[in-house]
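Here the structure comes first, spelled out in structure tokens, and everything after it is commentary.
The values are calculated or read from the model by the stated rules, or taken from the named source; none is laboratory data. Predicted, not measured: the structure shown is a model, and the values here were computed from it. With ideal geometry, Cβ positions are generated from the backbone for all residues, glycine too; neighbour counts draw on all protein chains shown.
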Amino acid sequence: MTHEDKIDADRPLIESEPYYLQAKDEVNMFEAAYDAKLPVMMKGPTGCGKTRFVEFMAYRLKRPLITVACHEDLFASDLIGRYLLKKDETLWVDGPLTSAVRMGAICYLDEIVEARKDTTVVIHPLTDNRRTLSIDKKGEVIRAHKDFMMVISYNPGYQSVLKDLKQSTRQRFISLEFNYPEAEKEAQIVSHEGEIDMETALRLVILAGKIRNIREHGLTEGASTRLLIYAAQLITRGIQIHEACKTAICLPLTDDERLQETLNDLIEDIF
């Protein structure tokens, strides 16, 4: 057993298959990208299944998955690693990106546009033919494990001048586009994940469809599949349907009282 193999063996894999319904050809595309050692960028609205898809693919490819939730205070050292003082010793501790590069994991940077611009630059050498990571503090350049894969995601609905991917980053990735599933599939997902009957799941999906259609009236985001699952889980546990929908769907979407009234009217119409 090589050192690389030992690292893989010591890293827990996703043991049980995540529930995921394929929408188009995203599974074949991801597998082809993995085989060709191409980095993948996933675009789609909040709560439409991007993270679940990565988990599903990590399980399918039998690779460890390291996920980083990006935010504006994410520094390059948070990804690469840093020296830490332990007792009387100064020890280097790898960050999540460095760990993934060494062991051949799938490194998933969720909502990449939330990270600092100078932080995202550190992934550039890993997303072209070099496939290397430089650790300046150690004077070390790591060549990525043959099974390493870089995956990022972001929500195009939040694009702005300040929060958008630079072209120098975007053009290093192949892109998979995600959206909310078609109604029948979305109902299957809500029924399975929310442990609820298909009829109620379909009504929740119909409600979501109507909410998504009124986005231009002030909602910044439509009701996500994730929120529908939350509502279903509350209903399954005895919460009244109207209250479950209000608590899990309407209130998280907006604080605007007029919009809340509109959403409550939609719930009344459907349920």
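Data overview
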| read-out | value |
| --- | --- |
| Scan of segment 247-271 for residues that are surrounded by fewer than 18 Cβ atoms within 10 Å (Cβ to Cβ) and closer than 14 Å to Leu204 by Cβ, ordered by number | Thr247, Asp269, Ile270, Phe271 |
| Residue count for segment 243-265, restricted to those that are assigned to a helix (DSSP H, G or I) and under 29 Å from the mean Cα position of the chain (by Cα) | 14 |
| Where Phe53 falls short, out of the listed (1) surrounded by 18 or more Cβ atoms within 10 Å (Cβ to Cβ); (2) touching a Phe, Trp or Tyr at 6+ places or on another chain (Cβ under 9 Å); (3) farther than 21 Å from Pro156 by Cβ | (3) |
| Selection from segment 62-97 of residues that are small (Gly, Ala, Ser) and part of a strand (DSSP E or B) | Ala69, Gly81 |
| Selection within segment 70-103 - farther than 18 Å from Phe148 by Cβ and β-branched (Val, Ile, Thr) | Thr90, Val93 |
| Checklist (1) surrounded by 20 or more Cβ atoms within 10 Å (Cβ to Cβ); (2) not in a loop (DSSP other than H, G, I, E, B) applied to Gly222, failing item | (2) |
| Filter pass, Tyr59 being in the same structural domain as Arg143 (by TED's automatic domain parsing) and assigned to a strand (DSSP E or B) | no |
| Wholly enclosed strands (runs of 3 or more DSSP E) of segment 98-176 bearing at least 2 residues surrounded by 21 or more Cβ atoms within 10 Å (Cβ to Cβ) and within 18 Å of the chain's Cα centre (by Cα) | 106-110, 149-154 |
| Some residue of segment 145-157 being out of contact with any Cys (no Cβ under 9 Å at 6 or more places or on another chain), farther than 30 Å from Ser224 by Cα and of a type outside the set (Lys, Arg) | yes |
| Members of segment 10-50 that are modelled with pLDDT under 95, of a type in the set (Lys, Arg) and under 24 Å from Ala144 (Cα atoms) | Arg11 |
| Among residues of segment 196-218, those that are surrounded by 14 or more Cβ atoms within 10 Å (Cβ to Cβ) and either acidic (Asp, Glu) or not assigned by TED's automatic domain parsing to the domain that holds Ala231 (or both), counted | 0 |
| Tabulated pairs, segment 252-265, first without any contact (Cβ under 8 Å) to a residue 24 or more places away in the chain, second of a type in the set (Val, Ile, Thr), C-beta under 7 angstrom, 6+ apart or interchain | Gln260/Thr254 |
| Test: Arg52 is at negative phi and assigned to a helix (DSSP H, G or I) | yes |
